[in-house]
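What follows is one structure encoded as structure tokens, with my remarks underneath.
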Amino acid sequence: MILLFIIGISLIQFGLYYLNDKYKTKLPNFLILLILLICYFFVFPKFFYPEPRTDRINCGMPILGITLGFWIFGTITGITTHIIWKIKKRKSTKAQQKRV
């Protein structure tokens, strides 16, 4: 479930890059990456934390696993998505320059 969520966020990241490029906004793509990395570290893991049990015996291991999963896989996916977008953008820019 967490990996599907991270893949969905990666697709949203591609969409934000596309809209940023299409509408020629002044927002740098690096800022989009930075905001998503902050969300991977501090916001998204909290959506997947298990509910505390009422018998007051709560183990922190699931929370640790979820947090580390988002930190590791989210960071790798976010940076990989950013690099793929940059490569795609360079290739399309070079192709347009060759046509002209």
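Extending 7 Å from Cα along the Cβ direction at residue 87 and again at residue 26 yields two label points whose distance is 3.3 nm. For chymotrypsin sites (Phe, Trp or Tyr not before Pro), the sites in the stretch 22-100 that DSSP calls loop and that have at most 10 other Cβ atoms within 10 Å are 23. Among the lysines of the chain, pairs at least eight places apart or on separate chains and with Cα atoms under 22 Å apart come to 21.
Looking at the stretch 2-90, the trypsin sites (Lys or Arg not before Pro) that sit in a DSSP loop and have at most 14 other Cβ atoms within 10 Å of their own Cβ are 24, 26, 53, 56.
Accessible surface area normalised per residue over the chain is 76 Å², counting heavy atoms of protein chains with a 1.4 Å rolling probe. Atom-type composition of the exposed protein surface of the chain places 72 percent of the accessible area on carbon and sulfur (1.4 angstrom probe). Once both labels are positioned 7 Å from their Cα atoms along Cα-to-Cβ, the gap between residue 14 and residue 73 label points is 1.8 nm.
The values are calculated or read from the model by the stated rules, or taken from the named source; none is laboratory data. Not measured: the values here are computed from a predicted model. Every residue, glycine among them, receives a Cβ derived from its backbone with ideal geometry; neighbour counts consider all protein chains shown. Accessible surface is based on the protein model in full, side chains and every heavy atom, while ligands, DNA and RNA are left aside. Shrake-Rupley method; radii C 1.70, N 1.55, O 1.52, S 1.80 Å.
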